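Q: Let me begin by handing over the structure; questions about it come next.
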There are 4 protein chains.
Amino acid sequence: MGDIGNRRWAIAEGYIPGDSSFEDPALISHEAACILNPGDQDANVAITLFFTDREPVGPYRVIVRARRTRHLRFNDIDDPEPVPRDTPYSSVIESDVPIVVQHSRLDSRKAEVSLLSTVAYSQG
Amino acid sequence: MGDIGNRRWAIAEGYIPGDSSFEDPALISHEAACILNPGDQDANVAITLFFTDREPVGPYRVIVRARRTRHLRFNDIDDPEPVPRDTPYSSVIESDVPIVVQHSRLDSRKAEVSLLSTVAYSQG
Amino acid sequence: MGDIGNRRWAIAEGYIPGDSSFEDPALISHEAACILNPGDQDANVAITLFFTDREPVGPYRVIVRARRTRHLRFNDIDDPEPVPRDTPYSSVIESDVPIVVQHSRLDSRKAEVSLLSTVAYSQG
Amino acid sequence: MGDIGNRRWAIAEGYIPGDSSFEDPALISHEAACILNPGDQDANVAITLFFTDREPVGPYRVIVRARRTRHLRFNDIDDPEPVPRDTPYSSVIESDVPIVVQHSRLDSRKAEVSLLSTVAYSQG
């Protein structure tokens, strides 16, 4: 089961709406990188964020335990710095073992939620 | 027609909302793995679910008949155990013959439906 | 410009909602295979539909002219037979020249529209 | 970090709704090609648009600086000509260095927003 996945992933779309219509954490506007580590070794993951008009920020260091998934909200990471709201960004996600990454967003700026998701782009 | 597809697939995103605004089964909040078996042999499919804080669960065994599609709702599988609601998970889907897998979710927690879908991640 | 694309594509998800909240054709619930033929030869495309409990139907024959795109609505194809509503299906799309295929759905069963889209799965 | 990405991308789906329910630029109906250039050289990007019933239009020339992302709205490009609204199109995106491309749409024709997104199709 360990050998599905790649070590390098990129998500070109990124945007956390600054407003939300709800206070329930599940319904707050957010973006996530859902990271699956199907293998038997913990994954040491480094995330780098790219912006329109300044140098990349990172690495954000995250561990995804062996045989675990982690739906990492970009809203919550803050070291080296929080992800700005209402601001376009992209991310590159690198791991020392094979992982699988899917991107999703929940947008609740209006009274209904909207969703998007895509498998991220991966390379060897 | 038989030789399109892969034997190993992963869906890193997974989340079944526990609430729904409707009772029509088509509009209840759900997630599906749409599995196409375009070939001439039945596909014996094994699904393993991954969670944040416990060991993987599975295999869930599913047969997709030759030249058939099966839009499998994660809401409905219950052997070895049901999929918990409001809980992040991921899935790995393995088949003995080539299949094609697409992930989708319908979220009807609010009075409108929201949809997401992506081809799953596949490997050799 | 001609050599981007593949000749075999599959869309495992497929479902045309039978209801719509609007009469504007742009807002009627529909599914589309958006087919780009970036090359200099017309593409002869054959679509086969797969169902849950009966043999595949097809081929549906479509031409996508050289250097053109065709956003083909599954709602509109009817030879050899129309695509049933409220029914899960999948599709395999084969072309004699390289094409690019993206799947999308607009669901207007409720008073708002919901959208999903994904690049289709492709092979050699 | 520089060597993730491809030089040729295609987005087969394309459609900018002509109506919007809001005047806030963030909520106007729009489509974007989110282009990440993770490398250390500026990317010279050429976009060609394909239509249903006329010859392709382009190239639209765009620069994405080294280590930057650019969420390019198709609504905003106008040289050689603006992208028509309410009109199906596709795009091919070519770069002289590796980039990563993701497609997204925000549709606000009705009083709520709907979203779709997918990694674009790429080739060597």
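The values are calculated or read from the model by the stated rules, or taken from the named source; none is laboratory data. Since the model is a prediction, treat every value here as computed from it, not as a measurement. Cβ sites come from the backbone with ideal geometry, for glycine too, and all protein chains shown count toward neighbours. Accessible surface areas use protein heavy atoms only, side chains included; no ligands, DNA or RNA. Shrake-Rupley method; radii C 1.70, N 1.55, O 1.52, S 1.80 Å.
Q: In Å, what is the Rg of the alpha-carbon atoms in chain C, and how long is Dmax?
A: Both quantities, over Cα of chain C: 14.5, 42 Å.
Q: Let me ask something additional. At 0.36 nm per residue, minus the direct Cα-Cα distance, what do C:Ala111 and C:Arg85 gain on full extension? Give it in nm, one decimal, please.
A: Details: separation 26, 0.36 × 26 = 9.36 nm, distance 1.89 nm.
That pair, C:Ala111 and C:Arg85, stretches by 7.5 nm at full extension.
Q: List every residue whose amide H lies under 5 Å from the amide H of C:Val97, counting only residues 5 or more places away in sequence or on a different chain, with H placed 1.01 Å from N in the peptide plane.
A: C:Asn44
Q: Classify segment B:1-68 as rounded, prolate or oblate from the Cα gyration tensor: take a ≥ b ≥ c as the square roots of its eigenvalues, call it rounded if a/c is under 1.5, otherwise prolate when a/b beats b/c and oblate if not. The partial results should precede the final answer.
A: Working: a/c = 2.61, a/b = 1.41, b/c = 1.85.
Cα axes put segment B:1-68 in the oblate bin.
Q: Here's another thing I want to ask about it. Under a GNM of chain B (C-alpha, springs under 10 Å), which listed residue has the highest mean-square fluctuation: B:Leu27, B:Leu72, B:Leu36?
A: The residue with the greatest mean-square fluctuation here is B:Leu27.
Q: Find, among the GluC sites (Glu not before Pro) in segment A:10-70, those assigned to loop by DSSP (not H, G, I, E, B) with at most 11 other beta-carbon atoms within 10 angstrom. Please list the in-between numbers first.
A: Numbers: sites: A:Glu13, A:Glu23, A:Glu31; in loops: A:Glu13, A:Glu23.
Answer in residue order: A:Glu23.
Q: Can you give me the long-range amide H partners of C:Gly14? Hydrogens built in the peptide plane at 1.01 Å from N, cutoff under 5 Å, separation of 5 or more residues or another chain.
A: Hits under the 5 Å cutoff: C:Tyr89.
Q: Just read off the accessible area of D:Glu112 with the full protein assembly in place, 1.4 Å probe, to the nearest 10 Å².
A: 30
Q: State whether the protein assembly as shown is rounded, prolate or oblate according to the following rule on the C-alpha gyration tensor (a ≥ b ≥ c being the square roots of its eigenvalues): a/c under 1.5 gives rounded; otherwise a/b larger than b/c gives prolate, and the remaining case gives oblate. Please list the in-between numbers first.
A: Numbers: a/c = 1.21, a/b = 1.00, b/c = 1.21.
Judged from the Cα gyration tensor, the protein assembly as shown comes out rounded (a/c under 1.5).
Q: If you don't mind, another one. Can you tell me the dipole magnitude for the protein assembly as shown around its Cα centre, using point charges on the Cβ only (Lys, Arg +1; Asp, Glu -1), in Debye to the nearest 20?
A: Working: 52 positive and 76 negative charges, 178 e Å.
That gives a dipole near 860 debye.
Q: On to the next question. What residue among D:Ser95, D:Ser108, D:Ser21 has the largest mean-square fluctuation in a Gaussian network model of chain D, using Cα springs under 10 Å?
A: Result for chain D, Cα springs under 10 Å: D:Ser21 fluctuates most.
Q: Under a point-charge model restricted to the Cβ atoms of Lys and Arg (+1) and Asp and Glu (-1), what is the dipole moment magnitude of chain D relative to its Cα centre, in debye to the nearest 20?
A: On the way: 13 positive and 19 negative charges, 70 e Å.
Taking the Cα centre of chain D as origin, the dipole is about 340 debye.
Q: Using a label point 7 angstrom from Cα along Cα-to-C-beta, what distances in nm, from shortest up, separate D:Ala26 from the other copies?
A: Output for D:Ala26: 2.5, 2.5, 3.5 nm, nearest copy listed first.
Q: Taking each residue of C:17-30 in turn, how many C-beta atoms of other protein chains fall within 10 Å of its C-beta, and what is the average?
A: 1
Q: Looking only at other chains, what is the average number of their beta-carbon atoms within 10 angstrom of each beta-carbon in D:69-78? Don't skip to the end; give the middle numbers.
A: On the way: counts 15, 6, 9, 1, 0, 0, 0, 0, 0, 0.
Partner Cβ neighbours, averaged per residue: 3.
Q: Using θ = phi - 60° and the Karplus curve 6.51 cos²θ - 1.76 cosθ + 1.60, what whole-Hz ³J(HN,Hα) does each residue of segment B:8-22 get, with Gly and Pro shown as x?
A: Working through the residues one at a time gives 10, 9, 9, 10, 7, 8, x, 5, 9, x, x, 10, 9, 8, 9 Hz.
Q: Rounded if a/c is under 1.5, else prolate if a/b beats b/c, else oblate: with a ≥ b ≥ c from the C-alpha gyration tensor eigenvalues square-rooted, which is segment A:35-83? Working shown, then result.
A: On the way: a/c = 2.86, a/b = 2.34, b/c = 1.22.
The shape class here is prolate.
Q: Further question on the same structure: Between the alpha-carbon centers of segment A:12-37 and segment B:22-39, tell me the distance in whole angstrom.
A: 24
Q: Something else: Within chain C, what is the longest stretch that has no trypsin sites (Lys or Arg not before Pro) placed in a DSSP loop and near at most 13 other beta-carbon atoms within 10 Å?
A: Details: sites that count: C:Arg54, C:Arg65, C:Arg85.
Of all site-free stretches, the longest is C:1-53.
Q: Using the Karplus curve 6.51 cos²θ - 1.76 cosθ + 1.60 with θ = phi - 60°, work out ³J(HN,Hα) for each residue of segment B:33-45 in order, rounded to whole Hz, and write x for Gly and Pro.
A: Going residue by residue, I get 9, 8, 10, 9, 10, x, x, 9, 10, 4, 9, 8, 10 Hz, with x marking Gly and Pro.
Q: Follow-up question, since we're still on this one. If you put a point 7 Å past Cα along the Cβ direction, how far is that point for C:Arg85 from the same point in each other copy, in nm, smallest first?
A: Going from nearest to farthest copy, the values are 2.9, 2.9, 4.1 nm.
Q: Can you list residues whose amide H is under 5 Å from A:His71's amide H, if they're 5+ apart or on another chain and H is modeled 1.01 Å from N?
A: When sequence neighbours closer than 5 places are left aside, the close amide H contacts are A:Ile35.
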